[in-house]
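First the structure, in the form of structure tokens, and then the observations on it.
The values are calculated or read from the model by the stated rules, or taken from the named source; none is laboratory data. Nothing here was measured: the structure is a model prediction, and the numbers come from that model. Here Cβ is always computed from backbone atoms with ideal geometry, including for glycine, and neighbour counts include all displayed protein chains.
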Amino acid sequence: MMKIYSGREIIIVFVFSSLLAIGQIQEDIKELLPENHELPGWEIRDSIEIYTGDNLFNFINGGADIFLEYGFEEAIKCDFINSISKQIRCEIYRMSDDSAAFGIFTFNSSVKGMPADVGTKALLYDHYIEVWKDVFFLRCISENQDIDFTDTLILFADLIGKKIAAQGKMPALTGVFNLEGFSVEKIKYLRGSIALNNAFNFGHGTMAGFREGITANLGEKMLFTFVYKDDFKCREWFASAKGKMQMNQKFFDLSTIGAGFSLKSKSGESFCFKPYKRFIIVIKGMTWEEAMPVIAQLEINLDKL
């Protein structure tokens, strides 16, 4: 029998569909946790803890600053225990947008992680797994490192990941490192100075004012791209960076080359800095001549943003 919908029902369905389409309906973070019946032999041990804003310091004091820099909204922590008293902890962080969640995922990543088919991207380590999907960064940790819980960690993370509807998109800036003839690795998306200084410390306040940035390794070399509000702000911050690098006693032999400059560190590494429209490109470990082919490709890719 055909169901006849009232005008009110039609409006509710329309509004729900519209909100879903533009991503304004958010998953309840508590509903993302695995339920006891989904994990035979495992159950929630204690109460579920939720953190918002600066309360995150009560959970990860000493590590909350980086989450807040990227754009933190809320987190949930829950411990699970099995019949032989072995434990797995699940942590789920909702970030301000998918780029922020991707950024905190890349910030935490290391070469020791093995890719796993969970969420949008996942890395599996010895006793934990980290996952990025949409606006969420999640981590499942084996509290008993004497037992190999690899398969169980993947199961926990997969159950959570499948409850997140959207996949999320990588920041457009990641496309800058699609370089022909070069293979980059260890990509890290940056939203501020804390993340940058953990990748490489140019000196206090040297590379500042950027809206977002990205870094990656090219063998032993490092590539950086920083994005500014507009061309004018980029030139201002570039001039500031040049002045600070020139005054930094860890660097010497500054040479102005066209719009950019190069210099060396006390350890003998070369650095190249070049402004391009609203971007600043920095290459660590190459002379200007070596860097030019890479810079040329980066500029082509930046034009596509």
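Of the helices (runs of 4 or more DSSP H) entirely within segment 47-166, those holding at least 2 residues that are within 18 Å of Gln26 (Cβ to Cβ) and hydrophobic (A, V, I, L, M, F, W, C) occupy 98-108. Tally time: how many residues in segment 47-72 are surrounded by fewer than 18 Cβ atoms within 10 Å (Cβ to Cβ) and without any contact (Cβ under 8 Å) to a residue 40 or more places away in the chain? The qualifying residues number 16. The single condition among (1) exposed (fewer than 13 other Cβ atoms within 10 Å of the Cβ); (2) not in a loop (DSSP other than H, G, I, E, B) that Gly268 does not meet is (2).
For segment 237-261, the set of residues classified as in a helix (DSSP H, G or I) and surrounded by 13 or more Cβ atoms within 10 Å (Cβ to Cβ) consists of Trp237, Phe238, Ser240, Ala241, Lys242, Lys244, Met245, listed by residue number. Candidates in segment 145-166 are the residues that are surrounded by 13 or more Cβ atoms within 10 Å (Cβ to Cβ), of a type outside the set (A, V, I, L, M, F, W, C) and free of Cβ contacts under 8 Å to residues at least 60 places away in the same chain; of these, the one that is farthest from Asn36 (Cα to Cα) is Thr150.
Going through Phe177, Phe136 one at a time, which residue ends up being over 21 Å from Ala75 (Cα atoms), buried (at least 19 other Cβ atoms within 10 Å of the Cβ) and at pLDDT 95 or above? Steps first, answer last, please.
Numbers: Phe136 fails: over 21 Å from Ala75 (Cα atoms).
On inspection, the qualifying residue turns out to be Phe177.
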